[in-house]
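The values are calculated or read from the model by the stated rules, or taken from the named source; none is laboratory data. Not measured: the values here are computed from a predicted model. Backbone-built Cβ (ideal geometry, glycine too); neighbour counts: all protein chains shown. Surface areas here come from the heavy atoms of the whole protein model, side chains and all, with no ligands, DNA or RNA. Shrake-Rupley method; radii C 1.70, N 1.55, O 1.52, S 1.80 Å.
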Amino acid sequence: MLNREEAKQKLDEILDLQKARVERMRGQKDFVDYTTLDHLIIGVCGGDGIGPMITKASEDVLRFLLRDEVAAGKITFREIDGLTIDNRITAGKAIPDDVLEELKKCHVVLKGPTTTPDAAYKGPNIESANVAMRRELDLFANVRPVKVPEQGIDWTFFRENTEGSYAVGSLGFEAEDGISVDFTITTTEGARRIAQLAFDFAKKNGKEKVAVVTKANVIKQTDGKFLRVCQEVAKEYPGIACESWYADIMTAKLVDEKRRRDFQVMVLPNLYGDIITDEAAEFQGGVGTAGSMNLGKRYAMFEAIHGSAPRMVTEGRDKYADPGSMLRASVLLLRHIEKKQQADKLERALDICMFEEKRLVITGRDNGATTAEFGEYVMETVSKL
Ligand code: IPM
Ligand code: MG
């Protein structure tokens, strides 16, 4: 528990950290152009729980699709062990130093879900590895597509990934008199770069509008700034409408069959993005079916949108885990490194296996296919295309 003086010092510390971050953002170079690289390194981290299982299924398909590039020495897959909950607890860090160093030597990373101890955990206070990686590699945009063609759903979410309630998630404190405090941060630079990415995407993909999702009516400073900056950025994109939506009504309207097909691109602060993208994924068949791209100017990390499912492991159901989300993330990875043809093939194969042919179905239980069987089914389907 902090006394008043210590609490003030903590606030100072947080502002200094954020100031340093803003300066780094200002000095940052533009996005890496993958077509100019002679050699690309894909890091692979299995993670915890169902992570290693579903990551392996995806890595196998990626290795198959990129076999020519690997044989020609243009692409290398690199296993990065050590991003496990046991190692993180031993190191007392969200990402052990040697793992972070290895990650920074890669261009893109395929990462299985990692376990985060919650507030009830008695051991050291370890931050989520996801949140730490997004911050350390400055992966500021979390891009999450959700598509259900037969219902007219085609959404792309641009979740801000390094700010909001997550920016200093582990620096909140308990002050005197039973007062607990957390912090939410929006910076002008941070809001601008995610807004630009969302509007650029809308422009390149022929979308007519971008919805900015906040609670700016109540959270006036941070959400207010997020909305205002998005509206300023929108002026640079004359053909694209910028709509302001509050997070509560947006959450409701996604369930409204007539209304929801009007949404195209959404840009959201971190926490609303976290919650609404899980809801959105549910229409597509659940969080097990949705991939996620964490994009920065130097690095990119691809993952499932769900967690490590410790319950599946304790109940002995981990071998039935759905690799769909990691496979969708692999499509995003291929597209990101400019392997369009391979990305299209894998996407097509997933649509066939998940929605059309459905020869094997994952249920998460022993009445469905195992992760490995489903992985092989996707591989077979890809190789026939
Ligand atoms: C996600 C996850 C993470 C988040 C967790 C695992 C920390 O829910 O990627 O959406 O809250 O961002
Ligand atoms: Mg989430």
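Please state which one of ILE276, ILE240, ILE249 is β-branched (Val, Ile, Thr) and within 30 Å of CYS106 (Cβ to Cβ). One residue alone meets the criteria, ILE276. Just so you know, in the range 277-292 the residues that are within 11 Å of ligand 1 (Cβ to nearest atom) and open to solvent by 10 Å² or more (accessible area, probe 1.4 Å) include one that is modelled with the lowest pLDDT, and it is VAL287. Apart from one condition, ASP322 fits all of (1) in contact with a Lys or Arg (Cβ under 9 Å, 6 or more places away or on another chain); (2) open to solvent by 30 Å² or more (accessible area, probe 1.4 Å); (3) not aromatic (Phe, Trp, Tyr); the exception is (1).
Does VAL313 satisfy being among the β-branched types (Val, Ile, Thr), open to solvent by 10 Å² or more (accessible area, probe 1.4 Å) and within 16 Å of ligand 2 (Cβ to nearest atom)?
Spelling it out, it is not the case that VAL313 is among the β-branched types (Val, Ile, Thr), open to solvent by 10 Å² or more (accessible area, probe 1.4 Å) and within 16 Å of ligand 2 (Cβ to nearest atom).
Residues in the range 276-292 that are away from ligand 2 (no atom under 12 Å from the Cβ) and β-branched (Val, Ile, Thr): THR289 only.
Return yes or no: is GLY273 under 30 Å from TYR320 (Cα atoms), within 16 Å of ligand 2 (Cβ to nearest atom) and modelled with pLDDT under 95?
Numbers: under 30 Å from TYR320 (Cα atoms): yes; within 16 Å of ligand 2 (Cβ to nearest atom): yes; modelled with pLDDT under 95: no.
In short, no.
Scan LEU254, LEU268 and give me the residue that is open to solvent by less than 10 Å² (accessible area, probe 1.4 Å), without any contact (Cβ under 8 Å) to a residue 60 or more places away in the chain and within 16 Å of ligand 2 (Cβ to nearest atom). Within the list LEU254, LEU268, the selection yields LEU254.
Can ASP351 be described as acidic (Asp, Glu) and either free of Cβ contacts under 8 Å to residues at least 60 places away in the same chain or farther than 24 Å from GLY43 by Cα (or both)?
Details: acidic (Asp, Glu): yes; either free of Cβ contacts under 8 Å to residues at least 60 places away in the same chain or farther than 24 Å from GLY43 by Cα (or both): yes.
Here the answer is yes, as ASP351 does meet what is asked.
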